[in-house]
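A.B. asks: Take this structure, written in structure tokens, and hold onto it; I'll ask about it next.
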Amino acid sequence: MLTLNSRKDMNNIKMLSKKRISFLSFIFLLLVSSYVHADNANEKITVSFSKIPLSEAIKKIESVSGYTFFYDVDKTDLKQEVSLRVNSQDIEMAIDRMLKPTNLQFEINNRQIVLMPKQVRQAGPVQNVRGRVVDENSEPVIGANVSVKGTVNGTITDAEGRFNLSNVPANAILQISYIGMESQEIALKGNTAINVVLKEDAVALSDVVIVGYGVTKKADLTGAVSSVSLDDVSRQPVLRIEEALRGKAPGVQITQTNGAPGSNMRIRIRGTNSVNGSNDPLYVVDGFLGADYSMLNPNDIESITILKDASATSMYGSQGSNGVVLITTKSAKEGEMKVEYNGFVSFDQPFRKLDVLDATQYRRVFNERLMALGNNPYYSEAELAATGKGINWQDEVLRSAVSQNHQLAISGGQSKIKYYLSASYVNQEGVVENSFHKKYGFTGNITSKVRDNFDVVFNLNGNYYESKNLNTATYNGHPVSAALLYPPDERIFDDNGKYETPGGLYGNVGTNPVWLLHNGDEDGYGFKVLANLQLNWTIIDGLKLSVSGGANLISTKSTSLDLNNKNASVTTAIAQAYDGMVVSYQNTNQLAYSKTFNGIHKLDATLVYEQQKYINRQLGAYVTGFSTIALGVNNLGLGSNQTASSGYTEWSLQSYLGRVNYTLMDRYLFTASMRIDGSSKFTKGNKYGYFPSGAVAWRLSDEPFIKDLNIFRNLKLRGSYGHVGSQAINPYATLQKMSSGNGQGMNYHFDNTSTSIGVAPSTPANQDLKWETTQQTNVGLDFAVLNGRLSGAVDYYYKKTVDLLFNVSVPDYLYGGSVLKNVGSMRNKGWEFMLTGVLADSKDWFVETSATLSLNRNKVLNMGEEEEIFVNSSYGSRVYTGYSVLHVGEPIGQMYGLQYLGTWKSNEAAEAAKYGAVPGDSKYADLNGDNTINGEDMSVIGHALPKFTYSWNTTVSYKNWDLNVLFNGVQGNDIWNFTRATMNTAYVPTDVAVLDRWSPTNENSNYPEFSNSNRNETQSDRWLENGSYLRLSNLTLGYTFNQLKRNTFVQEAKLYVSAQNLFTITKYSGYNPESNMSGNSDTAFGYDASGYPAVRSFMVGVKFAF
């Protein structure tokens, strides 16, 4: 008997044949093919083409699969046209589907695909076979592929899932497959009627993942990458992309610091890397770096990939130090025209309201304060009894709001041209009165196949937006803050119909909150456009050139009119206008090569040359002294005092990058990359940054000694190391700066009557500035057991940022002030865990749950000559305003202040007297023992960074019903509650806590009594609170109407209801444990000063597809 020695002999035949084998060789190969074991016949591939020559189809399949075709060139018609469109399907099923219309059949042997004329096979006794294919819910699977294994005989199921197949050998094996479901093989054994139940594929290791400048199979990943699919996005109705990411990826912390409609969320990937630079990740939309993702509607998203370690992010060099978020919008797909609608209405309400005094309580506390300070009460008991509840100003400022989101998409096309077009409309009412955000968006993708080896792809995204009163404050405060301080016994309007203005009775109580709501409109509007054209040319088999050019244009306009003083003359009004235009351009030229050698060596190489340019233009106007405001901000020339401003910024980046991926025997994976960035921000000698990386992975589950255990469906060990950077400076930071203006000692007097504006150097040139560089090591393990029903990943990382930029003082003889210098370093290290399990998978039930846990530890390692830096600090007579401090050897986000020890007790009167206090006054720790409480007694009292973050996401399906539940939480961080501090340190406190203040009969209270000697220090841990929380972020219940799909032209119909931020378990007493008044800052984070409150939403929505 003649046999081949497995792969070696097959490779020898391939080398001799060069894919064209002689007739004798062909017969030889055919005769022995049945003796060769096909270990990889169930490997999955993803490929799409329509009506192309068989020769071209062979090249495409070889390029994506690593398989090699053999055929007799004299007996195989390579010009006949074939079509195939499969997504993660077994290669055997895919080839069978492609060859159905031909007279060919095939055999797969050890990564070799042998094509042969159909008549080569010997036919046995045949019969007719009929049957039905359904899913686990007993619903018909329409369009499932049913074929006789090893032949071209096959069919697809009809609208009822039924099929009929003739000329089937009695002992044949039927193959049944459908995209997204596990394929089955059924031995007929003479049966003529069968019923098949297909199950969803629990784990697909061959799923394609978008990575930097390319795609790869999930099984071939060597770096730390998290992906969010279209299904993940669609499981909850959201208005912003960040909401869809929350809780989906370990190591990614998403915080909604502001509840205003349209406001951005704060995203941090694996901690904070820079002190003076941005720590936001890089967003890449359809290959365009730094694109404004807020213009996108989440329903237009195909997938989101988050790159976390240096191996994954180093392809983005100087822009990748904070992680990279790759967003891929939906693309054109071949097929009949499909129309989809997705819309919902949201009923929004403030997440909570704070407990404040009513009018009677407020006046009674006012009386008690007067008496405690030695004065007579102001209100009599009869007046107090007649006061009533008064106004809770939160009820006047906050409201229930209605928002809506609508999206309509059309897609389809033929092999030569395909399209995806969508339009969307979003209208968000704010829960603060007189505020809203509207957005009109569009997305378009057109793909044109000019030739078999040349196609053109055009992407266009954009929107126009309008907003009103979304800023967190006006000149006189935010309405929400004012609502917590304003006396509840005051009226909105006085007897003359004007806004009520209290006198000095209650001290400085702020401004009438309702007046603030209507004090003057702050309007914002503008448009955003992202356009990208890409040309793809397949030069030869495995070699592809892509050239793309695009632009991102952002136009931002805003106007505001602030009366600045209620009931006052219009001459006090302040009008402002701003007009900004940001344009960024990008050209990317990419050459990609992919080839498999001898069936075991797979090589992928990528070379890129890229150019970017960024231009920012700004115009501003500030006007006062109006004689009339009848025209609002539409004629600023009516103001007598006019100030204009303008600005211009430009920088560019030139990049060279390359990456090589090598896979040996599908189990040993190696990746190496290098990016070189040249930036106009830096001077000669420091202009170019070099960012290398390397990674290895070992797919242990493919090793025989692991396979024999019969435990792991997937087991892969990963390791990587690399450098990424940050351009944490403004474009002109290296240049000598000049200053001019009054009060700076720069003006000149050339005569006795006039002054000429002088100009003088202010900051010296700083040509030594260079890149901040982050060095990162990552070790990870991916696993799947129980036939893929339990899977997960564990990652450990260590990041060190060197050449960290800090402001360093400059001697006066060098113009004084400070300059940035690369003198510091910082470290982040941590663990990430993700576990996913399919708990139930039966006919009616499907339950999948996943959990994530992330731990990050940050430490400042070096700050040059400084050991301690106070953030935005200055020392006054009593209050130290540097609430945050940076210490070498400690993490960022440390809170600095006095330690509050409660109140002085009656038996501590003598000790209290040493500090000028009496029993009932506030008691603070005297750290240096000098009997004086001041800045010398301040220390680190809190930490803004959490100890860990976590999430739990569960999807449950029962027949036509589906339920999604998402919890996310943060543990171990502190919040400085300035809202509570302000409410309790006012002339008359408004917090109900004042009712439980200290008294000789209430000694255990830590709320101080009214006293002339009491010091309510806001910079103390009296106002520090535990910011940990567990939040039910999403609860969505849906029902799919399958009957419509079967009996009408409706392909999909779904009704769903959803609740967002349904409840939060927390000890924090403010509006929202995620609030942060410092916005995007990382050095001064964790400060809540009310502002725009968080929102709870209830939604009703529908989806239709025609």
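A.B. asks: In debye, nearest 20, what is the charge dipole magnitude of the chain about its Cα centre with +1 on Lys and Arg Cβ and -1 on Asp and Glu Cβ, if you could check?
C.D. replies: Using Cβ point charges on Lys, Arg, Asp and Glu, the chain gives about 4140 debye.
A.B. asks: On alpha carbon coordinates alone, what is the Rg over Rh value for segment 56-104, Rh being the Kirkwood radius?
C.D. replies: Value, to two decimals: 0.93.
A.B. asks: Here's a follow-up. Return the long-range amide H neighbours of Y283 (sequence gap of 5 or more, or a different chain), with a cut-off of under 5 Å between placed amide H atoms.
C.D. replies: Hits under the 5 Å cutoff: G290, A291, V325.
A.B. asks: Given a Förster distance of 56 Å, report the FRET efficiency between E703 and A913 from their Cβ-Cβ distance, rounded to the nearest 0.05.
C.D. replies: Efficiency for this residue pair is about 0.10.
A.B. asks: At 30 Å minimum axial length over the Cα atoms and a Kyte-Doolittle cut of -0.5, report the qualifying DSSP H helices in the chain, or say none.
C.D. replies: Qualifying helices, which must be both long enough and hydrophobic enough, do not occur.
A.B. asks: I would also like to ask the following. Rg(Cα) of segment 223-335 divided by 2.2 N^0.38 Å?
C.D. replies: 1.05
A.B. asks: Among all the lysines, which ones have a C-alpha under 20 Å from K389's C-alpha, if same-chain residues fewer than 8 places away are not counted?
C.D. replies: K353
A.B. asks: Another question, if that's okay. Which listed residue (P117, T501, A219) has the Cα farthest towards the positive end of the charge dipole for the chain, taking +1 on Lys and Arg C-beta and -1 on Asp and Glu C-beta about the Cα centre?
C.D. replies: P117
A.B. asks: Suppose R0 equals 45 Å; then what is the FRET efficiency for S1013 and T643 from their Cβ-Cβ distance, rounded to the nearest 0.05?
C.D. replies: Working from the Cβ atoms, E equals 0.45.
A.B. asks: What is the pair-distance distribution P(r) of segment 478-526, computed from all Cα-Cα distances in 5 Å bins starting at 0, with each bin given as a whole percent?
C.D. replies: P(r) for segment 478-526, in whole percents per bin: 5, 19, 28, 23, 12, 6, 4, 3, 1, 0.
A.B. asks: Taking the DSSP beta bridges in the chain as the whole, what percent of them are antiparallel, to the nearest 5?
C.D. replies: 95
A.B. asks: Using the Cα atoms of segment 828-968 to build a convex hull, what is its mean projected area in square nanometres?
C.D. replies: Result: 14.8 nm².
A.B. asks: For segment 987-1062, would you read off the P(r) tail past 17 Å as a percentage of all alpha carbon pairs?
C.D. replies: So the portion of pairs separated by more than 17 Å is 71 percent.
A.B. asks: Something else now. Hey, got the Cα dimensions of segment 316-378 along the principal axes, in Å, largest first?
C.D. replies: Between the extreme Cα coordinates on each principal axis of segment 316-378 lie 84, 40, 12 Å.
A.B. asks: Same structure, new question: Using Cα centres only, tell me the gap between segment 652-672 and segment 245-272 in whole Å.
C.D. replies: Segment 652-672 and segment 245-272 have Cα centres separated by 30 Å.
A.B. asks: Spelling out what I want: for every residue of segment 615-620, take phi, set θ = phi - 60°, compute 6.51 cos²θ - 1.76 cosθ + 1.60 (Karplus), and round to whole Hz; glycine and proline get x.
C.D. replies: 10, 10, 10, 9, 9, x
A.B. asks: At a Förster radius of 60 Å, what calculated FRET efficiency corresponds to the Cβ-Cβ distance of E383 and F347, to the nearest 0.05?
C.D. replies: 0.90
A.B. asks: Please list the non-local residues whose amide H lies under 5 Å from the amide H of A728, H modeled 1.01 Å from N, same-chain partners needing a gap of 5 or more.
C.D. replies: It is E772, by chain and number.
A.B. asks: Here are some pairs, K149/K843; K51/K100; K330/K449; K800/K947; K60/K333; which of them have Cα atoms lying more than 23 Å apart in this structure?
C.D. replies: Numbers: K149/K843 26 Å; K51/K100 13 Å; K330/K449 18 Å; K800/K947 19 Å; K60/K333 18 Å.
Check vs 23 Å cut-off fails for K149/K843.
A.B. asks: Given the rule -39500 (n - 2.57) for each run of at least 4 DSSP H residues, summed and divided by the residues of the chain, what is its mean residue ellipticity at 222 nm, to the nearest 500 deg cm²/dmol?
C.D. replies: One gets -2500 deg cm²/dmol as the mean residue ellipticity at 222 nm.
A.B. asks: Moving on to the next point. Using the Cβ atoms and a cut-off under 13 Å, what net charge is assigned to the surroundings of Q654, where Lys and Arg are +1 and Asp and Glu are -1?
C.D. replies: +2
A.B. asks: For K333, what residues show an amide H to amide H distance below 5 Å, using hydrogens built from the backbone and excluding near sequence neighbours?
C.D. replies: So K333 has HN proximity to G412, Y419.
A.B. asks: Another one. Provide the gained length on full extension for the span I492 to K959, in nm with one decimal, where the gain is 0.36 nm per separating residue minus the Cα-Cα distance. Don't jump to the answer; show the numbers that get you there.
C.D. replies: Working: separation 467, 0.36 × 467 = 168.12 nm, distance 5.53 nm.
162.6 nm is the gain from fully extending I492 to K959.
A.B. asks: Could you work out the relative contact order of segment 920-1050, using alpha carbon pairs under 8 angstrom and six or more residues apart, expressed as a whole percent?
C.D. replies: That works out to 32 percent.
Every number in this text was worked out from the coordinates using simple rules, so none of it is lab data. For clarity, every value in this text was computed on a predicted model and none was experimentally measured. Cβ coordinates were reconstructed from backbone atoms using ideal geometry, including for glycine residues, and neighbour counts include every protein chain displayed.
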